[in-house]
Structures are given as structure tokens and as C-alpha cells.
Amino acid sequence: MTAARPRRVVLLGGGYVTLHAYGALVRRVRGMLRDGAVEIVVVSDNPVHNFHGFTGEVVSGLLPATLTQTPLAEAMPLATVVHARVEHVDLGARTVTYRPADGMGTVSTTYDALVLGTGAGEPVGDVDGLPGRGLTLRHPGGLEALAARASAADADPDPVVVVGGGLAGVELAAALADRSGGRPGRVVLVHRGERVVPALHARSPRLARRCERELARLGVDVRTGVGAVAVDDDGVDLSDGTRVRTRTVLATTGQRPVRIPGTEPLARDERGRLRTLPDLTVRDGVWAAGDAARVVHPRTLEPVPANALWAIKAGDQVGRNVALALQSRPGSSFRYLGLGQGAAFGVGHGVAEVWGVGLTGVVAWVLRLGFFLRFMPSRRRALAIPRELVRRHAERRGRVPEPVYNVARTPI
């Protein structure tokens, strides 16, 4: 008599949705995993999870990128983690075809439950010459490339150009300026809108104005009402006819959901995001969340923001509902109402919005730090981050404390 095949859950992507769906799922089906009745397969084109909460600190040189990265196999030890690029999903046959990173031929696997957490990428193709020249964070190796280029740019007489003035672009521009010691004009921030952080202006004008003041304090050259129209090896052409000489361009121009071949029959909104039902399914046996999905706020009925916290909470809900489906029980609706957001502008400088209350300065900076540490997938790395921040900040101020060690007593 042939043993029954384990029920297979396939998670696509290595971001917040996948990690938190995995965690919520494992907590509820641990016995089924132990007995071999269920198996989890993770397919990601990046073998590590990049925790983007501390991207500014990495770019400014206050943290090494390795402290913000956790190998997926370490973060999800009960899953089979496959480093590969997804090539096709057959929704009818319930199969996923992928090409392993080791160069071998394509492999197909069946699924009983599929989670689409493939995220989004910057639409660099909208600017002539930007693909291949502009640095982005939403692809494998993006953070390391940006950190390395920021270090190389320290000796470059030309400024760094950041294209896009949302909260992410503002925070990264501030980090680059902080790295240079706040030298005026060292960083140029280009934004098509009339004011940077427009979403924050609409909701919390006081915090938005504080962001603008922090950019001024750090000497960032903010150019609003203009956009980048072309990029080449020597500079950026702007829509007002001016040109900025630079060899370093960072694109923070929004998000465009990653589209997996074979998912065309799934309903999408005008921005290309997968439309989800209240239980975050997009069709029977398929769930989606994060930047690739249109998740509706349970109270306002508007799409939730595309940021890490919402991806984390939606990932938790997906994991719970997949576990319920494996037990032949109906899923429950996504009910998270939100907490807030925050940004840092150097050690001790920040803004935060918590349940509609605006905070600034050291209080906001500490609150943001604690919040991000709470959600890091690696406790060891989370514990090392505050000590490393203190050490490197002290180095900049001329006071060098003892080296920071990890649990194996080797210098980090």
C-alpha cells in the first residue's frame, strides 16, 4: 500500500510575508510537520531575508549589511528552502516551475497551498538609461551594492542623486548625507511632486515638515517639482532642463508588483496588485499579501500601505488561514488596523507616528529602534545591532569602545 503524499505548502519569495506566514503556519501544524503529513517549500531568488528597517543605518555606515540579513534556511528551519527563480505557475495543475540558482534545469513541484509573497520592484524602466545604472534595494544584492557604492562615493567629488521623495527616499537621502557629515549638496534629492513625503503631509503635516527640516539640517539639496528624464554614466538630466553630474543614482521611485508567468488569470487592480478577498485568498488554494497584493483595510476599505508592518501582519494572517485550510476549516478575515510608521535621520534624530500621535527627536528614534528589533527574524543579530550602533557612532565622535562580539565570541 502506497503512503499518502504529504500536503505541500509552497511559499514564493523570501520577504516579510513568507517569513511570517511560515511562523504562523508552523505554530499551528507542528504536529503535522513532525508526522510528515505536511511539508513546506520556500522558493526565493535571494537566499537571505533582508530586513529593510535598518537600511538607512547600513547606507550611512553605522551597521554592516550582514547584521540585517538572515539566511532563509536559518530563519525557516522546518522548511525546504530552494534558492531559485520562479519561471511559471500552473494554477490548474497546481504546480510551480522554477530554475535553481546553481544553473541546473527547471524543476516543477506540486502544491496544495500556494502563498504569493513575491513583492515588488522599482519601475526603473520609466526613466531612460536608469535600468542598469540606478541602484535599487528590491532585488538580490541591492543593499550590498548600495552600501559599497556609498562607501566608494565618499571620495567622489560629485554628489549622490536620490530619485523619489517618498518616506523611503527621504530616509535614504538623509542616511547618505549623514554619512558625509552633513556636507551641503553632497546628496541631491529629486522629487516630481511639489513637496517630499506627500502621503505624510496629507496625514501629519507637522511630521512632514520635520522631515523637511531634517533634510535641511543634513545639507540635502532637495529639488521638488522636477523629475529625472534620462540617466547616463556621467549624470542625470532633469525635466527642468538642468543636469546633475553624478556617478551614483539611487532609485526610490515607487513599486511595481512582480508578475509571475501563469498568474495572469488572477484578478489585479489598476496598479497590478493581486486583488485579495478578506481572508487574503486570490483563488481557492492561493493566498497573497505584501507589496504584490491589494489588501483592503478592514475599517476604511482602502488598500493598506505598502510597508513592512502591513506585510508582516498580513503574512501572519495568511499563515493562520493556510493552517486552517489544511485542517479543512474556513479561514478568517484580516482584521489588523495598523500602528504607524517611523523614519530616522541619524542617531537620535527621527520621526514616528503611533496610533495617530506624532513623535519626533530622540523619543521617535528610540521607539523606531525598539520596534524594528522586535520584528527581526534573528534574535542574535537583533541583540548585536544596538551595541554596533553605539560602537560605530562613538568611532565617528572619536570615542572607540570595545569591539562587539557575537555569541561565538568572534568580532562582528
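The values are calculated or read from the model by the stated rules, or taken from the named source; none is laboratory data. As the structure is a computational prediction, the values presented were derived from the model and not from experiment. Every residue, glycine among them, receives a Cβ derived from its backbone with ideal geometry; neighbour counts consider all protein chains shown. Quick note on the areas: whole protein, heavy atoms, side chains included, nothing else; ligands and nucleic acids left out. Shrake-Rupley method; radii C 1.70, N 1.55, O 1.52, S 1.80 Å.
Determine whether Pro71 is surrounded by fewer than 19 Cβ atoms within 10 Å (Cβ to Cβ), within 19 Å of the chain's Cα centre (by Cα) and in the same structural domain as Gly31 (by the TED database). Write out each step before concluding.
Working: surrounded by fewer than 19 Cβ atoms within 10 Å (Cβ to Cβ): yes; within 19 Å of the chain's Cα centre (by Cα): yes; in the same structural domain as Gly31 (by the TED database): yes.
The answer is yes for Pro71.
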Original post:
Can you find a residue in the range 14-36 that is part of a strand (DSSP E or B) and open to solvent by 20 Å² or more (accessible area, probe 1.4 Å)?
Top reply: no
Original post:
Within the range 282-310, how many residues are of a type in the set (Val, Ile, Thr), open to solvent by 20 Å² or more (accessible area, probe 1.4 Å) and not in a loop (DSSP other than H, G, I, E, B)?
Top reply: 2
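Table: residues versus (1) open to solvent by less than 10 Å² (accessible area, probe 1.4 Å); (2) more than 30 Å from Val42 (Cα to Cα).
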residue	(1), (2)
Val322	yes, no
Gln341	no, no
Gly348	no, yes
Ala352	yes, yes
Leu369	no, no
Arg374	no, no
Ser378	yes, no
Arg387	no, yes
**OP:** Considering each residue of the range 205-238, count those that are touching a Lys or Arg at 6+ places or on another chain (Cβ under 8 Å), small (Gly, Ala, Ser) and surrounded by fewer than 21 Cβ atoms within 10 Å (Cβ to Cβ), and give that number.
**Re:** 4
Original post:
Only one residue in Gln341, Gln317 is within 21 Å of the chain's Cα centre (by Cα) and outside any helix (DSSP H, G or I), so which one is that?
Top reply: Gln341
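Condition check: assigned by the TED database to the domain that holds Asn307 and of a type outside the set (Lys, Arg). Does Asp112 satisfy that? If you could, list the steps in order and put the result at the bottom.
Values: assigned by the TED database to the domain that holds Asn307: yes; of a type outside the set (Lys, Arg): yes.
Criteria met by Asp112.
Sort through Thr136, Thr118, Thr97, Thr106 and tell me the only one that's closer than 30 Å to Ile40 by Cβ, open to solvent by 60 Å² or more (accessible area, probe 1.4 Å) and in contact with a strand residue (DSSP E or B) (Cβ under 7 Å, 6 or more places away or on another chain).
Thr106
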Original post:
Would the range 139-149 turn up any residue that is farther than 24 Å from Gly315 by Cβ, open to solvent by 60 Å² or more (accessible area, probe 1.4 Å) and either of a type in the set (S, T, N, Q) or outside any helix (DSSP H, G or I) (or both)?
Top reply: no
Subject >> Tally of residues being at positive phi and of a type in the set (A, V, I, L, M) across the range 344-384 >> reply: 0
Original post:
What tally of residues in the range 344-359 results from selecting those that are more than 22 Å from Val304 (Cβ to Cβ), part of a strand (DSSP E or B) and in contact (Cβ under 8 Å) with a residue 60 or more places away in the chain?
Top reply: 1
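Residues checked against (1) within 23 Å of Asn50 (Cβ to Cβ); (2) in the same structural domain as Gly15 (by the TED database); (3) touching a His at 6+ places or on another chain (Cβ under 9 Å):
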| site | (1), (2), (3) |
| --- | --- |
| His139 | yes, no, no |
| Asp156 | no, no, no |
| Leu167 | yes, no, no |
| Pro184 | no, no, no |
| Pro205 | no, no, no |
| Arg209 | no, no, yes |
| Arg213 | no, no, no |
| Asp221 | no, no, no |
Original post:
Can you tell me which residue in the range 239-255 is least open to solvent (accessible area, probe 1.4 Å), limited to those that are part of a loop (DSSP other than H, G, I, E, B) and not polar (S, T, N, Q)?
Top reply: Gly254
Original post:
Which one of the conditions (1) over 22 Å from the mean Cα position of the chain (by Cα); (2) closer than 24 Å to Leu137 by Cβ; (3) without any contact (Cβ under 8 Å) to a residue 60 or more places away in the chain does Ala267 fail to meet, given that it meets all the rest?
Top reply: (2)
